[in-house]
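First up is the structure itself, then whatever we jot down about it.
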Amino acid sequence: MKAALFQTVKTPDGPFTIVAQDAVLASGWTDDVQALVALIHPQLRPADLTGRARDDTADQPVLAHAAAAVAAYYAGAVHAIDTVPVRQLSGPFRQAAWDSLRQVPPGQPVSYAGLAALAGRPAAHRAAGTACARNAVALFVPCHRVIRADGGRGGFGYGLALKDRLLDRESGSSAASGGTGQAIGS
């Protein structure tokens, strides 16, 4: 496997680490790089990791783009994360669910059943929950935008308090642009 670079950036929600090659392979609110690497599918897992300082990303445009997108997201440009390339590997339904998650607009959370429908299998709401739980590319594949049909928050690998802050941040952004904030597919 090819080597990867990683960078940890400061956010209002704590350290956020990105592991990337020519796409982001893993990301999340931690400074434990090895914990993120363990989330990467074995066929994609990098053989070697090199850390990069904030101003030392010229040789890794994907890492620089991802770090800038995180900063922009926290500055209020919640769509900045949409253009960051990601790569995950799994079965067809999980792949479809992850792709569908990238289409869920900020401020308009989708239910697990709604995500299953977007991914082409309306009855697979439990599998949709598993896809969220197995998502290695947090924020860029916004699994935090999935809630229960009854409006409850459901789960989130980085804690429900963080999920609430992310949804609140996006809801405020969406309200300014006319979004409804209602759950899709509930």
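No lab work stands behind these numbers, since they all come straight from the coordinates. Quick caveat, the model's predicted, so the values are computed rather than measured. Here the Cβ is made from the backbone with ideal geometry for all residues, glycine too, and neighbour counts use every protein chain on show.
By how many nm would the segment from Arg45 to Ala71 grow when fully extended, if each residue of separation counts as 0.36 nm and the alpha-carbon distance is taken off? Don't skip to the answer; put the middle values down first.
On the way: separation 26, 0.36 × 26 = 9.36 nm, distance 2.57 nm.
Result for the pair: 6.8 nm of gain on full extension.
Report the antiparallel proportion of the DSSP beta bridges in segment 9-96 as a percent, rounded to a multiple of 5. Could the numbers behind the result be given before it?
Values: 7 of 8 bridges.
Here the antiparallel bridges make up roughly 90 percent for segment 9-96.
In nm, what is the difference between 0.36 nm times the number of residues separating Asp31 and Leu160 and their Cα-Cα distance?
Residue separation times 0.36 nm, minus the Cα-Cα distance, leaves 44.6 nm.
For the chain, give me the percentage of DSSP beta bridges that are antiparallel, rounded to the nearest 5 percent.
Details: 11 of 19 bridges.
Around 60 percent of the beta bridges assigned by DSSP in the chain are antiparallel ones.
Quick one: helix 61-74 against the long Cα principal axis of the chain, what's the angle to the nearest 10°, folded into 0 to 90?
Value to nearest ten degrees: 50.
Can you tell me the 0 to 90 degree angle between the C-alpha axis of helix 160-176 and the longest principal axis of the chain, rounded to 10?
70
For the charge dipole of the chain, defined by +1 on Lys and Arg C-beta atoms and -1 on Asp and Glu C-beta atoms about the Cα centroid, which residue among Ala64, Tyr158, Gly14 has the Cα displaced farthest towards the positive pole?
It is Tyr158.
Would you please calculate the Kirkwood hydrodynamic radius of the chain over all C-alpha pairs and express it in Å, rounded to one decimal? Numbers along the way, then the final one.
Details: mean 1/r = 0.0605 Å⁻¹.
Averaging 1/r across every pair of different Cα atoms and inverting gives 16.5 Å.
Which residues does the label zone of Thr11 cover in segment 22-41, counting backbone N under 12 Å from a point 7 Å along Cα→Cβ?
27-31, by backbone N distance to the label point.
Quick check: residue separation of Gln108 and Arg121 times 0.36 nm, minus the Cα distance between them. What number comes out in nm?
Values: separation 13, 0.36 × 13 = 4.68 nm, distance 2.03 nm.
Working it through step by step, the gained length comes to 2.6 nm.
Give me the one-decimal nm value for the distance between modelled label points at Arg134 and Asp150, 7 Å along each residue's Cα-to-Cβ direction.
Each label point lies 7 Å from its Cα, and together they span 2.7 nm.
Arrange the peptides 151-163, 27-39 so that the one whose residues have, on average, the most other Cβ atoms within 10 Å appears first. Let's see the in-between values first.
Working: 151-163: 15.4, 27-39: 16.9.
Answer by packing, highest mean first, reads 27-39, 151-163.
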